[in-house]
Amino acid sequence: MRTRLARLAVPAAVLVLAACQSAYYGTMEKFGYAKRDILVDRVAAARGSQEKAEEAYVDALTAFRSVVAFDGGNLETVYGKLKARYDDAVARADVLGERVDAVESVADALFREWEQELAQYQSASLRAQSKAQLDRTRARYAQVRSAMNRARDSFRPALAALGDQVLFLKHNLNAAAIGAIKGELPRLQEDADRLRRDIERATAEADRFLAEFR
C-alpha cells in the first residue's frame, strides 16, 4: 500500500507544481508580463548567475593555490578561507541550476501555449507565419538551453574534484597533506579552463538570444 501511495505521490506533486506555475503565469499576464517577457528576463538572470558562479569557482581555486603554496603561518586560517570560498562556489552553482530550471519552466509553458493557440487561427496564412515564428524561436531557444545546461553541468565535476581536496585538507592540516595535493592543481586548472570555455559559450548564446528577442 505504501509503495502504491509513493508512486502516486510523485505525479500528484507534479500536477500541483504545474498548477502553481500556471497560476503564476496567469497572474503575471494580468499585470502585463507575458511568458515571452518572463523568458527573456529569466535568460538574463541565468546569464548573470553563470558569471557569478564562475567567479566564485575561480576564487575557490585561487584559495586552493594559496594552500598549496603555504609556507609558514596559520594553516587553519588559510584552510578556513579555502572552505569559505568553496562553499560560496557551491551555493552559486546551486543558484545557477535553479535559474536554468526556471528558464526551462517558462519556455515549456510558452511553447506549449503557442502550439495550442495555432489551432485558433482562421487564416491559414497567419497560422503558417505564426508556426514559422514558433519554430524559429524554439530552435533559437534550444541553442541557449543546450549551452546553459552544458555550463551548469561543467560545475559538477569541477566542484566535486575541488571538494575532495577541501575534505582531505580538513582532516590533514599539515605539510605532508599539502605535498600530497600539489599534484592535483593541474587537473583542477583543466577543470577551470573547461568551465570558462563553457561559460563563455553559454554567455554568448544568451547574449544573442537577448539581442534578438528583447
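The values are calculated or read from the model by the stated rules, or taken from the named source; none is laboratory data. What you see is a predicted model; the values in this text were computed from it and never measured. We place every Cβ from the backbone using ideal geometry, glycine too, and count neighbours over all the protein chains shown. Just so you know, the surface numbers come from the protein's heavy atoms only, side chains and all, with ligands and any DNA or RNA stripped out. Shrake-Rupley method; radii C 1.70, N 1.55, O 1.52, S 1.80 Å.
Look through the stretch 29-74, keep the residues that are among the β-branched types (Val, Ile, Thr) and over 16 Å from the mean Cα position of the chain (by Cα), and return whichever of them is surrounded by the fewest Cβ atoms within 10 Å (Cβ to Cβ).
Step one: of the stretch 29-74, the residues among the β-branched types (Val, Ile, Thr) are 38, 40, 43, 58, 62, 67-68.
Among the residues that remain, those that are also over 16 Å from the mean Cα position of the chain (by Cα) are: 38, 58, 62, 67-68.
Numbers: ILE38: 21, VAL58: 15, THR62: 13, VAL67: 20, VAL68: 18.
In this case the residue turns out to be THR62.
Can you spot a residue in the stretch 163-177 that is under 17 Å from the mean Cα position of the chain (by Cα), assigned to a helix (DSSP H, G or I), touching a residue at least 24 places away in the same chain (Cβ under 8 Å) and on the phi < 0 side of the Ramachandran plot? Give the derivation first.
Within the stretch 163-177, the subset under 17 Å from the mean Cα position of the chain (by Cα) is none.
Within the stretch 163-177, not a single residue is under 17 Å from the mean Cα position of the chain (by Cα), assigned to a helix (DSSP H, G or I), touching a residue at least 24 places away in the same chain (Cβ under 8 Å) and on the phi < 0 side of the Ramachandran plot.
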For this session: Say whether the condition of being surrounded by fewer than 14 Cβ atoms within 10 Å (Cβ to Cβ), of a type in the set (A, V, I, L, M, F, W, C) and under 29 Å from GLU54 (Cα atoms) is met by at least one residue in the stretch 85-102.
Result: yes
Exercise. Is it true that ILE178 is farther than 22 Å from ASP94 by Cβ, open to solvent by less than 60 Å² (accessible area, probe 1.4 Å) and among the β-branched types (Val, Ile, Thr)?
Worked result: yes
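Assess whether GLN116 counts as being open to solvent by 80 Å² or more (accessible area, probe 1.4 Å), over 30 Å from ASP71 (Cα atoms) and not in a helix (DSSP H, G or I). Reasoning before the result, please.
Numbers: open to solvent by 80 Å² or more (accessible area, probe 1.4 Å): yes; over 30 Å from ASP71 (Cα atoms): yes; not in a helix (DSSP H, G or I): no.
For GLN116, the condition - open to solvent by 80 Å² or more (accessible area, probe 1.4 Å), over 30 Å from ASP71 (Cα atoms) and not in a helix (DSSP H, G or I) - is not met.
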For this session: Could you tell me which residue of the stretch 161-195 is modelled with the highest pLDDT, considering only residues that are among the basic types (Lys, Arg) and more than 16 Å from ARG65 (Cβ to Cβ)?
Result: ARG194
For this session: Determine whether the stretch 193-206 contains at least one residue that is touching a helix residue (DSSP H, G or I) at 6+ places or on another chain (Cβ under 8 Å), over 20 Å from VAL58 (Cα atoms) and not polar (S, T, N, Q).
Result: yes
Exercise. Among the residues of the stretch 122-135, is any touching a helix residue (DSSP H, G or I) at 6+ places or on another chain (Cβ under 9 Å) and closer than 18 Å to SER49 by Cα?
Worked result: no
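Restricting the search to the stretch 74-97, which residues are closer than 23 Å to ASN149 by Cα and touching a helix residue (DSSP H, G or I) at 6+ places or on another chain (Cβ under 8 Å)? Please lay out each step first, then the result.
Our first condition is that a residue be closer than 23 Å to ASN149 by Cα; within the stretch 74-97, this holds for 86-97.
If the condition is that a residue be closer than 23 Å to ASN149 by Cα and touching a helix residue (DSSP H, G or I) at 6+ places or on another chain (Cβ under 8 Å), then TYR86, ASP88, ALA89, VAL90, ALA91, ARG92, ALA93, VAL95, LEU96, GLY97 are the ones that fit.
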